[in-house]
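The values are calculated or read from the model by the stated rules, or taken from the named source; none is laboratory data. Only a predicted model underlies this, so the values are computations on that prediction, with no experimental measurement involved. Cβ atoms come from the backbone with ideal geometry, glycine included; neighbour counts cover every protein chain shown.
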Amino acid sequence: MIDQLSEIERTGLEALEAVQNEAELEAWRVAHLGRNSGLMQVFSKFGQLSKEEKPVVGARANEVKKAFENGLAAKAEAMKQAALKRTLSQEQLDVTLPGRRIPLGRLHPDTQTLRELYRVFGEMGFQVFRSREVESDEYNFQLLNFQIGHPARDMQDTYFIEAEGRGDNPIVLRTHTSPGQIHAMRWISSMNPDNPPPVRIVLPGMCYRYEQVTNRHETQFDQLEGLAVGPGITFSDLKGTLADFARRMFGQNTRTRFRASYFPFTEPSAEFDVECFLCGGRGCNVCKGSGWLEIGGCGMVHPVVLRNGGYAPERYSGFAFGLGPQRMTMLRHKIDDIRYFFQNDLRFLEQF
Ligand SMILES: [Zn+2]
């Protein structure tokens, strides 16, 4: 039996020498260490041996098994090293090739303008207040002094979500960010109903109107409203705030002007223009030669709106204003078509 083991060892190691690749190595492993190999057959006959033979044959059999296992591991390692050597010599790396650039995302131009607005108004003490885009008629119109049948509603062609069984209070997509004024005032005044804290917020967000889509009009657009409520706030606070905003946003020498206007939720109301920042007021094709750009609307919060928000108009007053961030972005970058904002065309977006 000892002679048989020596023969198994000799032929096994010889065969291992001849192995050239991984497939052959695996075949060798099955043939010489597998269940049907000569070595394993010796192990299986172990029980038939005499008491004296067992330790001698056992030790020798384990020796052969160890030799096979070590040989296998050494061969596998040698083959791995050879493969690596081959790869290194054959596949040369050109370190002078330029790297692959990882595409970087960027902020949408509209978002850039919004963040700039948050920064400017943040410096002036205004906090951002967000509210829902799906509203009731009550919040979108009625509480803002747009009574049912009010002609000013015709200016805001509305998407209705649900009307059935809701009478005069259908669900709508908000046509402006102003319903947030009521939400904000009610929330802040509820903190101390007898003596409501002052309000100083900006309300950004998407609004929806059923518009004929053209290069100037989209069915969805951004607004940014401002609202300040407190004791003794006057129209000169409004003018000062917006003049200060224009200087921070468009440059220290930017002039502003106000023109009388009408909105149901403010009284008195005004349109708010800034001196054209493209031509410095001399007149160009963007400002149509006037030297001024329309930026938004503003006014003193109507007493009805104050009361609906939980602020007694006898003790409190306030101002509100609304800006169009997309219009500002268009003016800034001379974008001539508002539809670019939502087309997700990289040729447009990569310019910002
Ligand atoms: Zn101009």
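If you take the residues of the stretch 175-214 that are aliphatic (A, V, I, L, M) and surrounded by fewer than 14 Cβ atoms within 10 Å (Cβ to Cβ), which of them is farthest from Phe263 (Cα to Cα)? Ranking the candidates gives Met191 first.
Of all residues in the stretch 57-103, those that are part of a helix (DSSP H, G or I) and over 25 Å from Leu16 (Cβ atoms) total 3. Among the residues of the stretch 243-257, at least one is out of contact with any Cys (no Cβ under 7 Å at 6 or more places or on another chain), among the β-branched types (Val, Ile, Thr) and either within 28 Å of Arg307 (Cα to Cα) or within 16 Å of the ligand (Cβ to nearest atom) (or both). Looking only at the stretch 261-272, decide whether some residue is closer than 22 Å to Thr113 by Cα and within 13 Å of the ligand (Cβ to nearest atom). No - not one qualifying residue is present in the stretch 261-272.
Picking from residues in the stretch 160-174 that are under 11 Å from Asp137 (Cβ atoms) and of a type in the set (D, E, K, R), the one that is surrounded by the most Cβ atoms within 10 Å (Cβ to Cβ) is Arg174.
For first residues located in the stretch 1-30 and within 21 Å of Arg60 (Cα to Cα) and without any contact (Cβ under 8 Å) to a residue 40 or more places away in the chain, partners that are among the polar types (S, T, N, Q) and assigned to a loop (DSSP other than H, G, I, E, B) and lie 6+ apart or on another chain with Cβ distances below 9 Å form the pairs Val30/Asn36; Val30/Ser37.
Within the stretch 280-291, residues that are within 17 Å of His333 (Cα to Cα) have Cβ atoms under 6 Å from residues that are within 6 Å of the ligand (Cβ to nearest atom) and at pLDDT below 85 in these pairs: Cys284/Leu278; Val286/Leu278, counting only partners at least 6 apart in sequence or on another chain. Between Gly318, Gly322, Gly296, Gly309, the distinction of being in contact with a His (Cβ under 8 Å, 6 or more places away or on another chain) and under 21 Å from Gln223 (Cβ atoms) belongs to Gly322 only. The residues of the stretch 283-296 that are over 35 Å from the mean Cα position of the chain (by Cα) and near the ligand (Cβ under 7 Å from one of its atoms), listed by number, are Gly283, Cys284, Gly291. Filter the stretch 14-39 down to the residues that are in contact with a His (Cβ under 9 Å, 6 or more places away or on another chain) and not small (Gly, Ala, Ser) and list them by number. Hits for the stretch 14-39 are Leu16, Leu39.
Answer yes or no as to whether Phe265 is farther than 19 Å from Met185 by Cβ and over 32 Å from the mean Cα position of the chain (by Cα). Criteria not met by Phe265.
When the stretch 181-203 is limited to residues that are of a type outside the set (Val, Ile, Thr) and part of a strand (DSSP E or B), the one that is nearest to the chain's Cα centre (by Cα) turns out to be Leu203.
Taken residue by residue, the stretch 101-119 has at least one member that is over 16 Å from the mean Cα position of the chain (by Cα) and farther than 30 Å from Glu218 by Cβ. Within the stretch 215-235, is there a residue that is basic (Lys, Arg), touching a residue at least 60 places away in the same chain (Cβ under 8 Å) and closer than 25 Å to Arg259 by Cβ? Yes, the stretch 215-235 contains at least one residue that is basic (Lys, Arg), touching a residue at least 60 places away in the same chain (Cβ under 8 Å) and closer than 25 Å to Arg259 by Cβ.
When you look at Pro325, is it closer than 22 Å to Val199 by Cβ, surrounded by 19 or more Cβ atoms within 10 Å (Cβ to Cβ) and either more than 16 Å from the ligand (Cβ to nearest atom) or free of Cβ contacts under 8 Å to residues at least 12 places away in the same chain (or both), yes or no? Considered against the rule, which asks whether it is closer than 22 Å to Val199 by Cβ, surrounded by 19 or more Cβ atoms within 10 Å (Cβ to Cβ) and either more than 16 Å from the ligand (Cβ to nearest atom) or free of Cβ contacts under 8 Å to residues at least 12 places away in the same chain (or both), Pro325 comes out as yes.
The condition (being within 23 Å of Leu238 (Cα to Cα) and either within 16 Å of the ligand (Cβ to nearest atom) or of a type outside the set (S, T, N, Q) (or both)) is satisfied by just one residue among Arg315, Arg347: Arg315. Based on what the data block shows, is Val304 more than 16 Å from the ligand (Cβ to nearest atom), more than 25 Å from Pro109 (Cβ to Cβ) and surrounded by fewer than 22 Cβ atoms within 10 Å (Cβ to Cβ)? Judged against the criteria, Val304 is a match. Among the residues of the stretch 297-345, those that are among the hydroxyl-bearing types (Ser, Thr, Tyr) and more than 22 Å from the chain's Cα centre (by Cα) comprise Tyr311, Tyr316, Ser317.
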